[in-house]
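What follows is a short report on a single structure.
The values are calculated or read from the model by the stated rules, or taken from the named source; none is laboratory data. Values in this document were obtained by computation on a predicted structure and should not be read as measured data. Cβ placement follows ideal geometry from the backbone for every residue including glycine, while neighbour counts extend to all protein chains displayed. The accessibility values were calculated without ligands, DNA or RNA, using every heavy atom of the protein model including side chains. Shrake-Rupley method; radii C 1.70, N 1.55, O 1.52, S 1.80 Å.
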Amino acid sequence: MKEKQIHSEQILSEIKTNIDFNTQRITIDRSELLKQMQDELNQKQMVLVCGIGGVGKTAVIKKLYEEKYNQIPMYIFKSNEFSINNINDLFKDYTLQDFVEVHSKEKNKIIVIDSAEKLLDLQNTDPFKEFISVLLKNGWKIIFTARSSYLLDLDIQFIDNYQITPSKFNIENLNHEELENLSQSYNFTIPKDQKLMDLIRNPFYLNEYLKFFKKGEDIDYSKFKEKLWNKIIKKKIGRASCRE
C-alpha cells in the first residue's frame, strides 16, 4: 500500500499550512478545530469538512495527517480519481478487496475524499458507491472536504446515489480578533478599507495580501484586486512562454 501512501503525501505536499511573510512563517492556529473534528470522528463514521474556497479545509486535513502519520492508516484521494469504470482501476497491482484486507486488523483508519463537489461530475457513480460501501462495512472513517456553496447538491447526491449522510463540520474565515492578533504578532498593518479587511480574513487572500504588503502603504480593495489580477496574468504569460 506504499503507492497509496506516497500518492496521499504528493496531494498534501502542494498544500501550505503556513504563510511566508518576509523572514517569518505565519501559522494560523487550527488546534481547536482539529480537536473538534477528531471529537466528531469519534462519534460519526463520516464527516464532511466544508467551508468557502481558500479557508484552509485541506490544510486542516494535512495537519491531521501529520498528527496521525505512523499512528494509523490514513489515505487521501481526489474526487476526480473516481472517474473510472471499475473501482479496482483505482489501484495498480492489487484490488479494493486487497486494500481492505491489508488493514482489516486496524481499529482506527481514515480515508479522505478531497473536493467532494467534483463527485457531482461523475458520469458513472457505481465505482464510488462500491468504494464507500466496502469502506463503511469494514470500519473505515471517511472525511469529505467540499466548498460550502455545493452543500445542497451534495446532500441530494449523498442521499440519492450513495444512501449516506455525513455529519457536517464547518471551517470559518478568521474573525476580526484573530486577524488583529496576527497583525500584531507578525508586524503587518490591517487595511483601513473594510471590504479588503473582510476579504483577507480568508487565509488564501491574507497570503496574497502579505505578498504585496509594503510598510506605510495602505491599499484599498480595488488596488489589491488589480495587483492580484496582474499577478495572475503574468503567471499565465510566463507559463505560455515556457511552453513555446
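Backbone geometry of the range 145-150 corresponds, through the Karplus equation with coefficients 6.51, -1.76 and 1.60 at θ = phi - 60°, to 3J(HN,Hα) couplings of 10, 7, 6, 4, 5, 9 Hz, x marking Gly and Pro.
Using a Gaussian network model of the chain in which every pair of alpha carbons under 10 angstrom is joined by a spring, one finds that among LYS195, LYS62, LYS109 the greatest mean-square fluctuation is at LYS195. With only the Cα atoms considered, the range 25-74 has a convex hull volume of 92 Å³ per residue.
Could you please put LYS78, LYS105 in sequence from largest to smallest accessible area, using a 1.4 Å probe? Please list the in-between numbers first.
Working: LYS78 60, LYS105 195 Å².
Highest to lowest solvent-accessible surface, that is LYS105, LYS78.
Quick one: angle between helix 221-243 and the longest Cα principal axis of the chain, in degrees between 0 and 90, rounded to 10, please. That works out to roughly 60 degrees. For the chain, the solvent-accessible area works out to 56 Å² per residue, with a probe of 1.4 Å and every protein chain left in place. Using every pair of separate Cα atoms, the Kirkwood estimate puts the hydrodynamic radius of the chain at 20.0 angstrom.
On the protein heavy atoms, probe 1.4 angstrom, tell me the percent of accessible surface of the chain carried by carbon and sulfur.
On the way: 6220 of 13730 Å².
Here carbon and sulfur together make up 45 percent of the probe-accessible area.
As a ratio to 2.2 N^0.38 Å, the alpha-carbon radius of gyration for the range 122-220 is 1.62. Picking from PHE82, LEU122, VAL60, whose Cα lies most toward the positive end of the charge dipole for the range 58-138 (charges on Cβ: Lys, Arg +1; Asp, Glu -1)? It is VAL60, whose Cα lies furthest towards the positive end. In the chain, taking the dipole from charged Cβ atoms about the Cα centre, the farthest positive-side position among TRP229, LEU179, THR27 is held by TRP229.
Pairs of lysine residues in the range 93-165 that meet both criteria, 8 or more places apart or on different chains and Cα atoms under 22 Å apart, total 11. Computed from backbone phi, the HN-Hα couplings of the range 206-214 come to 4, 4, 5, 4, 6, 5, 8, 4, 10 Hz, rounded to whole numbers (Karplus: 6.51 cos²θ - 1.76 cosθ + 1.60, θ = phi - 60°; Gly and Pro given as x). Given +1 at the Cβ of Lys and Arg, -1 at the Cβ of Asp and Glu and no other charges, the dipole of the range 86-244 around its Cα centre is 700 debye to the nearest 20.
Compute the helix-to-body angle for 31-43: its Cα long axis versus the longest principal axis of the chain, expressed 0 to 90° and rounded to tens. Orientation of helix 31-43: about 20 degrees from the principal axis.
How do ASP121, ASP198 stack up against each other in accessible area, from largest to smallest, with a 1.4 angstrom probe? Kindly include the intermediate steps, with their values, before the conclusion.
Numbers: ASP121 110, ASP198 60 Å².
Sorted descending by solvent-accessible area, the residues read ASP121, ASP198.
For ARG147, the solvent-accessible surface computed with a 1.4 Å probe is close to 120 Å², ligands and nucleic acids excluded. Note on LYS227: aspartates and glutamates with a C-alpha under 16 Å away, same-chain residues under 8 apart excluded, are ASP193, GLU208, GLU217, ASP218. Proximity of backbone amide H atoms, modeled 1.01 Å from N, is registered between LYS78 and ASP114 at under 5 Å, excluding neighbours fewer than 5 places apart on the same chain. Counting only alpha carbon atoms, the long axis of helix 2-13 and the longest principal axis of the chain meet at about 20°. Largest accessible area first, the listed residues TYR150, TYR221 line up as TYR150, TYR221 when surface is computed with a 1.4 Å probe on the assembled protein chains.
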